1. Could you say whether any residue in region 149-165 is touching a helix residue (DSSP H, G or I) at 6+ places or on another chain (Cβ under 7 Å) and either modelled with pLDDT of 90 or more or not small (Gly, Ala, Ser) (or both)?
2. Look at region 333-359 and say how many of its residues are crowded, with 17+ Cβ neighbours inside 10 Å and in a loop (DSSP other than H, G, I, E, B).
3. Considering each residue of region 401-411, count those that are more than 19 Å from Thr210 (Cβ to Cβ) and open to solvent by 10 Å² or more (accessible area, probe 1.4 Å), and give that number.
4. Limited to region 534-557, what total is found for residues that are surrounded by 15 or more Cβ atoms within 10 Å (Cβ to Cβ), assigned to a strand (DSSP E or B), touching a residue at least 40 places away in the same chain (Cβ under 8 Å) and out of contact with any Lys or Arg (no Cβ under 6 Å at 6 or more places or on another chain)?
5. Return only the number of the condition from (1) open to solvent by less than 40 Å² (accessible area, probe 1.4 Å); (2) in contact with a strand residue (DSSP E or B) (Cβ under 6 Å, 6 or more places away or on another chain); (3) of a type outside the set (Lys, Arg); (4) more than 30 Å from Ala513 (Cβ to Cβ) that Ala449 does not satisfy.
6. Before we move on, is Lys201 surrounded by fewer than 19 Cβ atoms within 10 Å (Cβ to Cβ), of a type in the set (Lys, Arg) and under 23 Å from the mean Cα position of the chain (by Cα)?
7. Residue under question is Lys691, and the condition is that it be under 23 Å from Ile570 (Cβ atoms), buried (at least 17 other Cβ atoms within 10 Å of the Cβ), within 27 Å of the chain's Cα centre (by Cα) and basic (Lys, Arg); does it hold?
8. Mind listing just one residue for me: the one in region 595-607 that is open to solvent by less than 50 Å² (accessible area, probe 1.4 Å) and at pLDDT below 95 and, of those, farthest from Pro522 (Cα to Cα)?
Amino acid sequence: MAVIFLIAIINPLYAQEISGRIFNFEDSPISNVSIILNYEEIAKTNSEGLFTLTGSYKLPLKLKLEHPDYYIKSVTLSQYKTVLKLTALDTTEDLEKVIISSAYQKESKVIIPTSKISSQKFDEYSPTDLVSAINETPGVYIQSGALNTNRIVIRGVGSRTLYGTNKIRAYFNGIPITNGTGDTSIDAFDPEDIENLEIVKGPKATQYGTNLGGTLLLNSKTALEGETYFRNNFTVGSFGLIKNNVSVATANQKLALNINYDHLETDGFRDNSNYNRNALLLTSNYKFNDKNEIGVLVNYTDYYAQIPSSISKSKFEEDPSQAAFTWGSSKGYEDNKQILTGISYTHRFSKNFSNTTSIFYSYLDHYEPRPFNILDEFTTGYGARTLFAKDFKFLETKANLSFGGELYKDEYHWKTIENRYEDNNGNGSLEGELLSDNIEKRNNLNVFATVTLPLTEKLKAQLGINMNTTNYNFKDEFNLDENNKDADRNFDPIFAPNLNVLYQFTSNVSAYANISRGFNYPSIEETLTPEGVVNPDLGPETGFNYEIGSEVYLFNSALHMQLSAYLLDIDNLLVADRVGDDQYIGRNAGKTEHKGIELSLLYTHMFANGFYISPYVNAEFSNNRFIDFVDDTNNYSGNELTGVPNKKVNGGIHIGFKNLVLNTNFLHIGDMPLDDANTLNSDPYTVLNAKLSYSKDITEHLFVGLNVGLNNFTNETYASSILINAVGFGNSEPRYYYPGMPRNWFGGIKIGYTI
C-alpha cells in the first residue's frame, strides 16, 4: 500500500505548480514513480519520493501513478480540493494487495524507520565509491583501507574487528553473502548495479539473524515491465582510474532479465596498490502464472589487488603514499575469484498466503602472499532459506505473520606457506615450506517468526523471535598423532526476541520504540588458544538494544526529519588479542555500553521554472565505553571504546535545474582512540566532495549523460581506516594508519538506448 500526498499550489503570478511526495506503507519515500497524463509520462519521483509538475495545466487534472511494485492509481485534482491524501489501493476486495513473500526476501519489513539508500544516492558519488554513500547514514561508519579492505561499524559494533566486517549479516537479492563465521565483503558488488540498500541498525530484523551490528539488504537493478535497454557508463580519473559498466535488460509480463558487466582498474595513490576487477551479474525472474514464479541470481567477481597495508605515524606524516616496508618488499597482494548463485521459487497459496524458498551456493578462491606467510584458501558454501507470509484480520484490521528458517553450511580449506621473498632477488613473494593445513566446517541455522499487529488505528506493534544454533568442526591436516589439533565446538542455542512499536500521531508525525536482543559468535580462529586447542569457555557476545525515535514531515512534506536515541549493552565482549605477527586469540573480555543520538534532516524546495535546491545534514553523537574490561593486569573499565569516533557529521546541497545537477557533500569524522588504554587518538578530519552531472534525451530512445567530480578538493591528509592496538615488533613503530585518498578527480559519459 502506498500513501500519496499531492499538493496543488496555485499562484496567479506564476505558472501553476503541482508538487508532492510519494511514500509506501512504512512511510519510506518511493523513487521512480511515473506521473502519467494522457498516456504520457510528465514526471517521475526522485530518491526522496518527490515530484513536481510545471506548466499551464487546467484543473481538474486527471493523473495516473505507476510503479512496478504498486497498483496503478488514478487521481483527480480540482480547484476545490488542493490538498489530497490518498491511498494507492482501494479497499475493495478485487484491488486488495496480494502479499508477496518474495518481497520479504528483499526488504526487512521492520515497521519502524530503517535507513534506505537508493541508486540515485550512489549516483551522487564516483561510480567506484560505495563507501561514501553508506557513510551518509547516521550510526554507520565504514573504515576503508582500500577498495578491497572495508570495515563496517554500526553504532560502535564491529570496531574491534581488525580486518574486514563480521558483526552484521548481509544479503544480496535475498541470498546470504555473509559466510559461516559472520564475515561480510561488500566490495564484491558494483555500486552501479545496486538499485537500493536497506540498513537495519541493531538486532531488529528478526528474519535475518539478529546480529548486534545489524543487517544490510542489497538489491540489484531491474528493468521495468515493458522496458528493454542498453546502458554503458565509462569513467576515467586520477591514479590511472578506468571503469566501464555495461548493462542490458528487458522485462515483460512474464520474463525479466538483467545482465551487467563491470571492469575497474586503478594504479592507486599508494605504492603497491594496483587494483584490477572484472565482475558479471545476471538476474532473471520468470512468472509462470499468477501463483508461481522463479528467480535466478549469478554474481561472479575476479579481482587482483595489491596490499600496501597500514603504516606508522611517522611514515604517515612523512609520505602517506608509501606502502609498509615489508609489504612493499614482498609485493603483497590478494587474488580473489568468487561466485554467488541462487534460485528462488515463489508460490502464492491464496491472495493472502505465500511462500518463497531459495537455495544458494557460493565459492571463494583466495590467494594472499603476505610478508610473514602465504595464505592459500578456498571456501564453498551452500544452504536454503524459506519464508512464509500470511495476512489475516486482527481487530477488523489487516495484520501479518511471517515465519521460516535459513540453513547455511560452508567448508573452509586453508593453508599457510612459508614466504621466501627475501631470497627472491626483489621479485616479491616466493613459496617455501608448508606451515599449516586445515579444514573448517561451519553450520548455522536460524529459525524465525514475526507478527505485525495493528492495536488501534494509530498504534502498531511488531513482535519477533529468532532462534540460532551454530557449530564448528576443525580438522588439522598438517599435524599428526599427539600434535593433531582436531576439534569440535557446539554452541548452545540462542533465543533473540524483538519488539517494535510505532505510533502514528498524524500522517506527518510518528514515534517509535524498539527493544531487541542480539548476538555475535566468535570465529573458529578466535576459539583457538595460541597452542591451537579449542577454548571451550569462549562464547558468543550478547546484548540488548533499546531505541526510541520520531519521524516528522513538515511544510507540506518539504522537510523530512528523523531523530533517534539508542542504548546498546553488550556482555561477553569478544576481544582479539595479538600474540604475534598475524596471530590472534579470542576471549570474552567484559562489557561495553554504546549510546548515542542520531539526526537526519532533508529539505527540498521546488521552483516553478524547474529549479530545485535540497540541503541535508546527517549527524551522530555517541558515547561508547568499556564498562568492565580487565586485560591481564590492565584495567580499562571506563575507557572509550577503541576505533569509534565520538561524532560523525555529513551533509551537502543538491542543486538542480532542468538537465543539470550539482551535488556537494562533506564528511566530518571526530577523533577516536587507537588503543584500549586511550593513550593515543587519531586526528579528526573533514573531506569535501562535489559532482556535476548533465543529462539529455537526444531522441525518444537515446539518452546521453556527462559527469565530472572532484573528491577531497581541500587535499586533506587523513586516515580513512585505523588498525587498533597495533604492536611494533623489534624496534619498529606500531602501524596504526591506512591513509585516505588525496585530492582526486573523475569524469565519465553515460549512454543509454531504450527500445
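1. Checked against the condition, which is being touching a helix residue (DSSP H, G or I) at 6+ places or on another chain (Cβ under 7 Å) and either modelled with pLDDT of 90 or more or not small (Gly, Ala, Ser) (or both), region 149-165 yields at least one hit.
2. 1
3. To start, the set of residues in region 401-411 that are more than 19 Å from Thr210 (Cβ to Cβ) comprises 409-411.
Still in the list and also open to solvent by 10 Å² or more (accessible area, probe 1.4 Å): 409, 411.
So the answer is 2.
4. 10
5. Failed condition: (4).
6. Working: surrounded by fewer than 19 Cβ atoms within 10 Å (Cβ to Cβ): no; of a type in the set (Lys, Arg): yes; under 23 Å from the mean Cα position of the chain (by Cα): yes.
No, not satisfied.
7. Numbers: under 23 Å from Ile570 (Cβ atoms): no; buried (at least 17 other Cβ atoms within 10 Å of the Cβ): yes; within 27 Å of the chain's Cα centre (by Cα): yes; basic (Lys, Arg): yes.
Criteria not met by Lys691.
8. Residues of region 595-607 open to solvent by less than 50 Å² (accessible area, probe 1.4 Å): 596, 598, 600, 602, 604, 606.
Those left that are additionally at pLDDT below 95: 602, 604, 606.
Working: Leu602: 39, Thr604: 45, Met606: 51 Å.
Among residues in region 595-607 that are open to solvent by less than 50 Å² (accessible area, probe 1.4 Å) and at pLDDT below 95, the one farthest from Pro522 (Cα to Cα) is Met606.
The values are calculated or read from the model by the stated rules, or taken from the named source; none is laboratory data. From a predicted model like this one, the values you see are computed outputs, not experimental measurements. Glycine also receives a Cβ, built like all others from the backbone with ideal geometry; neighbour counts cover every protein chain displayed. In case anyone asks, the SASA skips ligands and DNA or RNA and just uses the protein heavy atoms, side chains included. Shrake-Rupley method; radii C 1.70, N 1.55, O 1.52, S 1.80 Å.
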